[in-house]
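The structure appears right after this line, and notes come after that.
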Amino acid sequence: MKHYWIGGLMMAAISCGCKKDKLVDNTGLIKTATANGLTNITTDKAFYKPGDQVNFTIDKALPASVKIRYKQSGAVVQSAALTGISWKWTAPATDFTGYMIELFDGTDDQEKIYGTIAVDVSSDPARFPRNAFLSAYGKLSDADIKTVMSSLNRYHMNYVQFQDWEDKHHKPLAGTVARPDASWKDIANRDNYGATVKGYIDAAHSYNMKTLHYNLAYGALNDAAADGVAESWYLFNDGSHTKKEVATLPQPLFKSDLYLMDPSNTGWQQYIAAKTNEAFQVYPFDGYQIDQLGNRDKTLYNYNGGTVDLPTAFNSFIKAMKLAMPTKALVMNAVTQYGQPQIAAAPVDFLYSEVWAPNEAYKDLGNIIRSNDALTGGAKKSVLAAYMDYDLAGSPGYFNTPGVLFTDAVIFAHGGSHLELGEHMLGKEYFPNSNLQMHADLQSAMISYYDFLTAYENLLRDGGVLNNPAIAAGDSKTRLNNFPPVTGQVSVIGRDLGSKQVIHLINFANANSLDWRDRNGTQTAPVPVTNGRFNFTSAKAIKKIWVASPDIDGGASKIVTYTQSGSSVTFTLPMLKYWDMVVVEYQ
């Protein structure tokens, strides 16, 4: 992240950096929240390989009539009676598949949903990345560490980036492999403890999560020469190597400015790869989350006076890291999409986009994901680092629930994931900033939204073609438009999967802004639409229509009755709050 020098964040560093010796749950993220009053269900892993045993637990006994239903893309694949507060299930053999598990009672119109939870069955998390973060490594107990990681497990986070855990950018490991330091100061002079870093890694691994060491591709502190960094590896502002490129940081708050290296310099690549591998010997990270500072808006030179094209250099750097650490996962941040084509062509697990101006509208979130998909034919999925309620986060307060849910709905419906959850929810690019809390409704919604993203991953982000389905309002309750959204209307996003047509309806009818960041937390909640009628045109014969929403019954799917006469189809949706996903299945 370019989170050290963005305007206005130094106060965040001052106000938040001291919270490091105890667990601060000021967002409610790490409490045992439940999804909209439903029974709390947990699993023991963030994702499972085919054939793995899945262990479920609920927090209270339910009536004897309650049953378990395992669904894949709305279809029941298995049912069982619920006996007790824990049970086991063998993950099916089909790889890269999402499931929704529903606890229910009754039949058809009289059904009651008691609880839901998603299960991701994937041999490789890169297929459907869900990226979380950690940002503080003070003295924490094992119980506190488990509390944080069990929370991230409930959101099915399969990658966790460790922001600013390291000692120095050019030498991540404090001490040596033989004698690692027990504690050290991070770049912001916060105390980091090796036992906490290791404890977090071990806890993440217990939930099957991949842990990512975070570091710039090209950062060195002011003492780098003493640690073996050569003068000829730096980036310069001139062709005669008299002035190094530097990102200045206020001191003494920060322990050094950051001097930028040439990412394509083989000496630097070999040096930082060796230092990173030393860190991996002590702290068994599963990969390297590589950062950059965005477009420097100037001509940069190497030591010999040649110009350096940073996007090309990033591609070279990633490939060099893969050669040096072939078993490790690699991810690289594209700040405002800077260098994303070159990053996408390198061996990264997924595409990570940090979203800044001018990409401030909901349409821009969709365009970024579409652009990323086009770079790899959809093979590498998108994670967007998009910081909500940005101005509001400069002082204590609360996240605005409608703004967060609209942004998540747009990102998820386009097939992306949102970097937003860690020990707290993100409001700033300085990750330790925890000024904003979450209201109870947002705490509950986050569980439902991440269950939804995970359970329906095959409909949301597993192929198909984004399209404009032939749907129209069948009454005066709604006005529809094809995405991007228009004030006063419900926005439609379609995905043609051949045998299925997915139709996302996002209710912007009462939105007071179409800017996703909701800087001051003023976005308005939608007025729910009940029993809205819709007309759909289909040349194909329809087998079934069903709907699911993260806003209703924890994302449980429900059959929709419809009539079809020739190509004309009419159906009614029980409720549209923020986001409904309608799935039309063809014969």
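The values are calculated or read from the model by the stated rules, or taken from the named source; none is laboratory data. What you are looking at is a predicted structure, and each value in this text was computed from that prediction instead of being measured. Using ideal geometry, Cβ is built from the backbone for each residue, glycine included, and neighbour counts are taken over all protein chains shown. Heads up: the accessible areas ignore ligands, DNA and RNA and are worked out on the full protein's heavy atoms, side chains in. Shrake-Rupley method; radii C 1.70, N 1.55, O 1.52, S 1.80 Å.
Which far-off residues, 5 or more places away or on another chain, put their amide H under 5 Å from the one on Asp52, with H placed in the peptide plane?
Residues meeting the amide H criterion: Ala91.
What accessible area, in Å² to the nearest ten, does a 1.4 Å probe give for Ser316?
Ser316 has an accessible surface of roughly 40 Å² with all protein chains in place.
May I ask for the net charge around Phe104, where only other residues with Cβ less than 10 Å from the Cβ of Phe104 are counted and Lys, Arg are +1 while Asp, Glu are -1?
Neighbour charge sum, excluding Phe104 itself: -1.
For the stretch 378-479, treating each Cα as an identical point scatterer without solvent, what Debye log10 I(q)/I(0) comes out at q = 0.11, 0.21, 0.23 1/Å?
-0.42, -1.10, -1.21
How much of the DSSP beta bridge set in the chain is antiparallel, as a percent to the nearest 5?
70 percent
At 7 Å along the Cα-to-beta-carbon direction for both Ala80 and Asp297, put a label point, then send me their distance in nm to one decimal.
With each label placed 7 Å out from Cα toward Cβ, I get 5.8 nm.
So between Ser568 and Tyr398, what do we pick up on full extension, going 0.36 nm a residue minus the alpha carbon distance?
Stretched fully, the Ser568-Tyr398 segment lengthens by 56.6 nm.
Place the peptides 540-548, 384-392 in order of packing, highest mean first, counting for every residue the other Cβ atoms within 10 Å and averaging per peptide.
Ranked by mean Cβ neighbours within 10 Å, highest first: 384-392, 540-548.
What FRET efficiency comes out for Lys60 versus Asp181 if R0 is 51 angstrom and r is the Cβ-Cβ distance? Round to the nearest 0.05.
The calculated FRET efficiency here is 0.65.
When the solvent-accessible surface of protein heavy atoms is calculated with a 1.4 angstrom probe, in what order do Val527, Val160 fall, highest first?
My answer, sorted largest first, is Val527, Val160.
Amide H to amide H under 5 Å from Val335: which residues, 5+ apart in sequence or cross-chain, H placed 1.01 Å off N in plane?
Hits under the 5 Å cutoff: Gly294, Glu354.
Name the shape class, rounded, prolate or oblate, that the alpha-carbon gyration tensor gives for the stretch 60-110, where a ≥ b ≥ c are the square roots of its eigenvalues, rounded holds for a/c under 1.5, and otherwise prolate holds if a/b is larger than b/c and oblate otherwise.
Because a/c hits 1.5 or more and a/b fails to exceed b/c, the stretch 60-110 counts as oblate.
What aspartates and glutamates does Lys88 reach when the alpha-carbon gap must be under 19 Å and sequence neighbours fewer than 8 apart in one chain are set aside?
Asp44, Asp52, Asp59, Glu102, Asp120, Asp451
For the chain, what does -39500 (n - 2.57) per DSSP helix run (n ≥ 4), summed and divided by total residues, give at 222 nm, in deg cm²/dmol to the nearest 500?
Estimated from H runs of four or more residues: -6000 deg cm²/dmol.
Which order do you get for Tyr352, Tyr259 if you rank them by accessible area with a 1.4 Å probe, largest at the top?
Tyr259, Tyr352
Tell me the Kirkwood radius of the stretch 360-415: reciprocal of the mean inverse pair distance over distinct alpha-carbon atoms, in Å.
Result for the stretch 360-415 stands at 12.5 Å.
Could you tell me the relative contact order of the chain? Use alpha-carbon pairs under 8 Å, at least six residues apart, and round to a whole percent.
15 percent
For Thr530, tell me the accessible area in Å² from a 1.4 Å probe, rounded to the nearest 10.
Roughly 70 Å² of Thr530 is accessible to a 1.4 Å probe.
Taking the chain, how much of its Cα-Cα pair set, in percent, is spaced more than 42 angstrom apart?
22 percent
Modelled label-to-label distance, Ser240 and Asp202, 7 Å Cα→beta-carbon offset: nm?
Placing both labels 7 Å along Cα→Cβ, they lie 5.7 nm apart.
Working out 0.36 nm times the residue gap between Ala470 and Asp124, then minus their Cα-Cα distance, what length gain in nm do you get to one decimal?
Net length gain for the segment: 121.0 nm.
With a ≥ b ≥ c the root eigenvalues of the C-alpha gyration tensor of the stretch 245-358, is it rounded (a/c under 1.5), prolate (a/b larger than b/c) or oblate?
In terms of gyration-tensor shape, rounded.
State, as an integer percentage, the relative contact order of the stretch 280-414 based on alpha-carbon contacts under 8 Å between residues 6 or more apart.
20 percent
Sorted by packing (mean other beta-carbon atoms within 10 Å per residue), highest first, where do 563-574, 224-235 land?
224-235, 563-574
Once amide H atoms are built 1.01 Å from N in the peptide plane, which residues 5 or more positions from Val77, or in another chain, come under 5 Å H to H?
Residues meeting the amide H criterion: Tyr70, Lys71, Gln72.
What does the charge add up to near Ala224, with Lys and Arg as +1, Asp and Glu as -1, over the other residues with Cβ less than 12 Å from its Cβ?
0
Kindly rank 77-84, 449-456 from highest to lowest mean number of other beta carbons found within 10 Å of each residue.
Averaged packing, sorted descending, gives the order 449-456, 77-84.
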